[in-house]
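In what follows, a single structure is set out as structure tokens and then discussed.
The values are calculated or read from the model by the stated rules, or taken from the named source; none is laboratory data. Because the structure is predicted, anything quoted here is derived from the model rather than measured. Neighbour counts are summed over all protein chains in view; Cβ atoms, including those assigned to glycine, are modelled from backbone coordinates with ideal geometry. Ligands, DNA and RNA are excluded from the accessible area calculation, which covers all protein heavy atoms including side chains. Shrake-Rupley method; radii C 1.70, N 1.55, O 1.52, S 1.80 Å.
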Amino acid sequence: MLKNLRRAVGAIPFMRNPALASRSYSVSVKQMMVREALNSALDEEMSADPTVFLMGEEVGEYQGAYKAGFTGLGVGAAYYGLKPVIEFMTFNFAMQGVDHIINSAAKTNYMSSGNINVPIVFRGPNGPAAGVGAQHSQCYASWYGAIPGLKVVSPYSSEDARGLLKAAIRDPDPVVFLENELLYGESFPVSKQVLDSDFTIPIGKAKIEKEGNDVSIVSFSRMVGFSLKAAEILAKDGIDAEVINLRSIRPLDRSTVNASVRKTNRLVTVEEGFPQHGVGAEICASVVSDSFGYLDAPVERIAGADVPMPYAANLEIIALPQVDDIVRAAKRACYRSVPLSATR
Amino acid sequence: MGRKDGCSKGKGGSMHFYKKEGGFYGGHGIVGAQVPLGIGLAFAQKYSKDENVTFAMYGDGAANQGQLFEALNMAALWDLPAILVCENNHYGMGTAEWRAAKSPAYYKRGDYVPGLKVDGMDALAVKQACKFAKEHALKNGPIILEMDTYRYHGHSMSDPGSTYRTRDEISGIRQERDPIERIRKLILAHDLATEKELKDTEKEIRKEVDEAIAKAKESPLPDPSDLFTNVYVKGFGVESFGADRKELRAVLP
């Protein structure tokens, strides 16, 4: 199982991608895998700035599992002025170094009143993969998203991956960069602009992936893809959904989400993580608090099941949000619910 | 004291001061965390080819922490210019050394990393040991210095210091091993100054310290708006909130 995990993970030894170099730039839209997007961003940032370096578990030549040690080492190097990119095989393993992420990195600029800033990036796959069990499947977006002093981003497309990773590496504050293992192999169209070595995406701004008028579906990472599929299905039933890709968990783009709900009057949040105290909970609170008068239906949350992730393939499917769940929640918000029994 | 004019401008806390320009990267509240951080500083020094070393200091209480050994392993693997200093005052807050460590020979705990035991109550010995350690670390990689020292008062505000040892022990050490007394005796023995000159110096220093304390006490507490400063270097204009988010909000610049 672990061998499969290693192969699937995008942390392959970093080298200039010859295929990328030979691509013609006269074609304005090309396909790029998320894995390539991340690697190309890392390559360009390391070439442009010698203080940027990569360290982690299984980086380069399979370099060993000293998580608490190297997380702290990375933060110490950032104190000195280098720009480390610390990679975890998955964020589940980062829990062993989480004290350094929170207490040594996130809080230091504040506690030192600006004397020491920490320009570090912590990256790695977050959330469930496929058949890796409970200890390797947790989504940490809401835990890290709660911490003042941290920035937390989670890309969906290759454009997101490139732009957010470059922005994260250039950012003077600690950034937690939550990737998704199952997205590494997915291809997305990227424009010439995205391929530029100075292409960055602002941290803290969400993207409206699809405009709509009837219901706002808000998600991040892999669930954006599911939300877009749900929107296609809803369109056939005459429901015009607006799909928002958060891109950043912290700072959270409350104004884009609220503006959307003020237009559509209905909200569905989607995430893979546990429901209690999740990212969706914060989004719902923000909308109920700031746009109460605009809501025409109770807010809806779709999240991972409130259980440790089971191993069996059939259980894993029902433990995670599927496209049907998003469609059903959106219809409920539109008072067009289809009872479960009718679909059996 | 949590005052505006303090080095952390009231935001850090009594053990949390920092001075990056002076090479001082702070006291850290999580026991043992400072060691990987120190190894990280040494890593950055080697990476930047600075020809400098880092002293990562910890106590006998922290010496059993796992992350210390993780960091030591990396420092040794990569020959980092790190000097790990174990200030062994024989008590981890209230826990005596013999109750905490199976092997209290902390200078030997590095295993493959060499270690030196130093009389931590002798300032001149400490100076020589640090000089040696710096030369060693720059050439060969990490080294451990165990400073055999003592703590007269309690570990912190919540520790009176008297519930786990006798007053005789404390006053005994003060009489026989006090570092300042030792230097005073050496100075007098070598005619480097007279009793009176030493007493005058002491009076002057006491005055300086008293004045500094008075000045610190006079310093105001930070402005309430400082609640929201320095959360980020670059806040992108995002909002942050006080306890009542509809009442107290701020924009992070």
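For the range B:216-253, the set of residues classified as touching a residue at least 24 places away in the same chain (Cβ under 8 Å) and open to solvent by 100 Å² or more (accessible area, probe 1.4 Å) consists of B:Lys217, B:Leu221, listed by residue number. Cβ-Cβ distances below 8 Å connect the following pairs, each with a first residue in the range B:109-132 that is farther than 12 Å from B:Cys86 by Cα, a second residue that is of a type in the set (Lys, Arg) and in a helix (DSSP H, G or I), and a separation of six or more residues or different chains: B:Met121/B:Arg177; B:Met121/B:Arg182; B:Asp122/B:Arg182; B:Ala123/B:Arg182.
Being over 17 Å from the mean Cα position of the chain (by Cα) and either facing chain A (nearest Cβ under 10 Å) or over 30 Å from B:Pro222 (Cβ atoms) (or both): is that true of B:Asn64 here? So B:Asn64 passes the test.
Here is a yes/no grid of residues against (1) on the phi > 0 side of the Ramachandran plot; (2) out of contact with any Asp or Glu (no Cβ under 8 Å at 6 or more places or on another chain); (3) within 14 Å of chain A (Cβ to nearest Cβ):
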| residue | (1), (2), (3) |
| --- | --- |
| B:Arg151 | no, yes, no |
| B:Ile183 | no, yes, no |
| B:Lys196 | no, yes, no |
| B:Ile205 | no, yes, no |
| B:Val209 | no, yes, no |
| B:Ala214 | no, yes, no |
| B:Pro224 | no, yes, no |
| B:Phe241 | no, yes, yes |
| B:Arg249 | no, no, yes |
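From the set of residues in the range A:108-148 that are hydroxyl-bearing (Ser, Thr, Tyr) and within 14 Å of chain B (Cβ to nearest Cβ), which is farthest from B:Lys4 (Cα to Cα)? Selected residue: A:Thr108.
For B:Lys196, the conditions (1) touching a Gly at 6+ places or on another chain (Cβ under 6 Å); (2) at pLDDT 95 or above; (3) farther than 22 Å from B:Lys9 by Cβ all hold with the exception of (1).
Within the range B:42-71, the set of residues being in contact with a helix residue (DSSP H, G or I) (Cβ under 6 Å, 6 or more places away or on another chain), closer than 14 Å to A:Gly76 by Cα and in contact (Cβ under 8 Å) with a residue 40 or more places away in the chain comprises just one member, B:Val53. What do you reckon, is B:Glu247 of a type outside the set (A, V, I, L, M, F, W, C), more than 25 Å from the chain's Cα centre (by Cα) and within 24 Å of B:Ala123 (Cα to Cα)? No; evaluated as a whole, the condition is false for this residue. Only one of the numbered conditions (1) closer than 26 Å to B:Gly161 by Cβ; (2) of a type in the set (D, E, K, R); (3) surrounded by 16 or more Cβ atoms within 10 Å (Cβ to Cβ) is violated by B:Lys102, and that is (3). Counted as qualifying within the range A:10-102 are the strands (runs of 3 or more DSSP E) with 3 or more residues that are modelled with pLDDT of 90 or more and more than 14 Å from chain B (Cβ to nearest Cβ), namely A:29-33. The single condition among (1) touching a Gly at 6+ places or on another chain (Cβ under 6 Å); (2) open to solvent by less than 10 Å² (accessible area, probe 1.4 Å) that A:Phe199 does not meet is (2).
The residue of the range B:3-13 that is nearest to the other protein chains (Cβ to nearest Cβ), among those that are open to solvent by 40 Å² or more (accessible area, probe 1.4 Å) and in contact (Cβ under 8 Å) with a residue 24 or more places away in the chain, is B:Lys9.
Of all residues in the range A:174-194, which are crowded, with 24+ Cβ neighbours inside 10 Å and either within 14 Å of chain B (Cβ to nearest Cβ) or farther than 24 Å from A:Ser227 by Cα (or both)? Of everything in the range A:174-194, those that are crowded, with 24+ Cβ neighbours inside 10 Å and either within 14 Å of chain B (Cβ to nearest Cβ) or farther than 24 Å from A:Ser227 by Cα (or both) turn out to be A:Pro174, A:Val175, A:Val176. If the condition is being touching a strand residue (DSSP E or B) at 6+ places or on another chain (Cβ under 9 Å), open to solvent by 20 Å² or more (accessible area, probe 1.4 Å) and either over 19 Å from B:Ile144 (Cα atoms) or facing chain A (nearest Cβ under 9 Å) (or both), then the range B:27-56 contributes B:Gln34, B:Phe43, B:Tyr47. Looking at the range B:14-26, which of its residues are open to solvent by less than 40 Å² (accessible area, probe 1.4 Å) and more than 7 Å from chain A (Cβ to nearest Cβ)? Passing the criteria: none in range. Within the option set B:Lys134, B:Lys196, B:Lys139, being in a helix (DSSP H, G or I), in the same structural domain as B:Leu84 (by the TED database) and loosely packed, with under 10 Cβ neighbours inside 10 Å holds for one residue only, B:Lys139. Across the range B:59-99, which residue is most open to solvent (accessible area, probe 1.4 Å) among those that are in contact with a strand residue (DSSP E or B) (Cβ under 6 Å, 6 or more places away or on another chain) and part of a strand (DSSP E or B)? For the range B:59-99, the residue satisfying everything is B:Glu87.
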